[in-house]
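Worksheet: one structure, shown below.
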Amino acid sequence: MKKYLLSALFVFAASSIFGQMKTTGVVLFGGGVSFTSSKAEGADKASTKFNITPSVGFFAAPALALGVNLDFESYQVPGLSRINTNAAGPFARVYFDSSRTIFGFGEYTYRFAKDSKGNELSGGLGLSFGVTKSTALEPAIYYKSSKGDFFEGTEIGFRMGLQVYLGKDR
């Protein structure tokens, strides 16, 4: 519980400290994809994981976006059947104003997977590169802590995203 309160405090404090790059009421939608391959010590083949994460949100305050995302994950361990999970949960994203076309951001996400009775908490840092006035490519590094029936552990990875901003120009 303490982690959640500290995370919320950081998000709200950061939203008032950093630049006014977005205006309240702007809607964002998009998502990201990630691919992970890892080989356990002594294993003959690598395990693979593929994620697609669509999201929708809105700017509740300047530089603070809140929303919901889904997570569709497919995990393959050599010699075992493929495990597919679906999860959903809220996210909070704080944007850091650095220029007119590039913005940094920090993101916190909580997801619950009903099928695996699991949950995950993740945080990440990324850049939002303006492709047009209302779309951006968003590479990000993330850290995820997961626990459930099929999995338990942590992961550090890379995700590539695309966001569309509706309501105002970037």
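Residues in region 113-139 that are closer than 22 Å to Thr85 by Cα and not hydroxyl-bearing (Ser, Thr, Tyr): Ala113, Lys114, Asp115, Lys117, Gly118, Asn119, Glu120, Leu121, Gly123, Gly124. On inspection, Ala87 passes the criterion of being open to solvent by less than 30 Å² (accessible area, probe 1.4 Å), without any contact (Cβ under 8 Å) to a residue 40 or more places away in the chain and part of a strand (DSSP E or B). Contact map, region 35-51: residues that are touching a residue at least 40 places away in the same chain (Cβ under 8 Å) paired with residues that are open to solvent by less than 60 Å² (accessible area, probe 1.4 Å) and of a type in the set (Gly, Ala, Ser), Cβ distance under 7 Å, separation 6+ or inter-chain. Pairs shown: Thr36/Gly157; Asn51/Ser34. Put simply, of Thr36, Thr53 the only residue that is modelled with pLDDT under 90 and either in contact with a strand residue (DSSP E or B) (Cβ under 6 Å, 6 or more places away or on another chain) or open to solvent by less than 60 Å² (accessible area, probe 1.4 Å) (or both) is Thr36. When region 123-143 is filtered for residues that are of a type outside the set (Gly, Ala, Ser) and either open to solvent by 40 Å² or more (accessible area, probe 1.4 Å) or modelled with pLDDT under 90 (or both), the ones remaining, listed by number, are Leu125, Leu127, Phe129, Val131, Thr132, Lys133, Leu137, Ile141, Tyr143. Taking the stated definitions as given, is Phe59 modelled with pLDDT of 90 or more and open to solvent by 80 Å² or more (accessible area, probe 1.4 Å)? Spelling it out, it is not the case that Phe59 is modelled with pLDDT of 90 or more and open to solvent by 80 Å² or more (accessible area, probe 1.4 Å).
Of all residues in region 150-170, those being farther than 20 Å from Ala40 by Cβ and either open to solvent by less than 50 Å² (accessible area, probe 1.4 Å) or modelled with pLDDT under 90 (or both) number 9. Filter region 63-84 for residues that are over 15 Å from Arg111 (Cβ atoms), open to solvent by less than 40 Å² (accessible area, probe 1.4 Å) and touching a residue at least 40 places away in the same chain (Cβ under 8 Å) and give the result. Ala63, Leu64, Ala65 - these are the residues of region 63-84 that are over 15 Å from Arg111 (Cβ atoms), open to solvent by less than 40 Å² (accessible area, probe 1.4 Å) and touching a residue at least 40 places away in the same chain (Cβ under 8 Å).
The values are calculated or read from the model by the stated rules, or taken from the named source; none is laboratory data. Keep in mind that what you see is a predicted model, and the values were worked out from it rather than measured. With ideal geometry, Cβ positions are generated from the backbone for all residues, glycine too; neighbour counts draw on all protein chains shown. Each accessible area value is taken on the protein alone, full model and side chains, heavy atoms only, with ligands, DNA and RNA left out. Shrake-Rupley method; radii C 1.70, N 1.55, O 1.52, S 1.80 Å.
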